[in-house]
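Have a look at the structure below before the remarks.
The values are calculated or read from the model by the stated rules, or taken from the named source; none is laboratory data. Not measured: the values here are computed from a predicted model. Every residue, glycine as well, gets a Cβ built from its backbone with ideal geometry; the counts of neighbours run over all protein chains shown. Quick note on the areas: whole protein, heavy atoms, side chains included, nothing else; ligands and nucleic acids left out. Shrake-Rupley method; radii C 1.70, N 1.55, O 1.52, S 1.80 Å.
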Amino acid sequence: MTTRPEHRFTVLGALGFGLEVWRSRPAPTTFLVVLQALFYMAMTGLQMGLLGASARQGVQALEAGDTAGLFMASLNSSGYSSLVILVSYPLILWLETVVLVLFMSGRFSLWPGWASLGRLTLSALIIFAVYMAAIIVLSIFGVIIAITLIVMAESTGDSGLAIGMGAGLGAVGFLGLVALVSLFTALPGRAVTGALDISGSISIARAHWLRLILVWVLAMGLYLVVMIVGYGLVWAVHSELIRAAWESLLAAPQDPYVSLYMYEALLPRAETALWLVLSMAPVMVMMCVVMMVWRGIVAKLALSMPNPSEKAP
């Protein structure tokens, strides 16, 4: 027989579990939110600085007719973006492990251990592979459905019906994607404190599937609201810079080097890029708070699983 888990998964309980952790361990939770926000600001500032420098180099080479210089500027732009990603991903995985260990066990340590870090990395790769496979399948079906709806609209002359059907099918596809990926919700939480229990994670997710889908839809809706409000404020503060960048993009959308003009307009000087990054600090903090809500969902479901020793033989 399995004993009843201490944690019972509910919609409100999952959405509020991050707040419960903050109330019980306010100092480390606040520290991790601020640390993650500072990390995102640093990575954003680094990427903006590198992209701005390569964009200015590219625009100068383009105006001078220097093909080799233009090619190097484009190559540097891609290389800088890849470099930032390569540097940031290991740090992100480390931070996720630290946070989930705190959420799962209440233990705070800046070094969670190689075992926990390795299992979390494997769980992230599994979820990413499932997500990408689902995206590929949905993209194929999306193209087929789009062609079918275009043909139907041309034959019937009712484009409104085709648009409505497309929107409905898009919503169904989105919910299907959420439903599939949500099956692995408990996997990262269980990975940092136990084992890479794929079957157990799927089983507990299926037991709460409808509630889990609703929780993730609400959590993503919260994230979307925060992003819209936050970046709306950033737009208001930097409206002139962002408008200039959009005008550069819309002036020649087919130009293969339009991104150089856009970054050159958005990041004309190092001081401007620094002010842009600093003004994004409130958005970064709000985003990190919402991500704590997401981690609370992961931990709450993982904690509702019976311990391996409690499973029936």
Number of the exception - Y131 against (1) within 16 Å of the chain's Cα centre (by Cα); (2) open to solvent by less than 90 Å² (accessible area, probe 1.4 Å): (2)
Residues that are over 18 Å from the mean Cα position of the chain (by Cα) and open to solvent by 20 Å² or more (accessible area, probe 1.4 Å), drawn from segment 205-220: R206, A207, H208, W209, L210, R211, L214
From T148, T121, residue being more than 24 Å from the chain's Cα centre (by Cα) and assigned to a helix (DSSP H, G or I): T148
Cβ pairs under 7 Å, 6+ apart, first in segment 94-117 and on the phi < 0 side of the Ramachandran plot and among the hydroxyl-bearing types (S, T, Y), second in a helix (DSSP H, G or I) and open to solvent by 40 Å² or more (accessible area, probe 1.4 Å): S105/T193
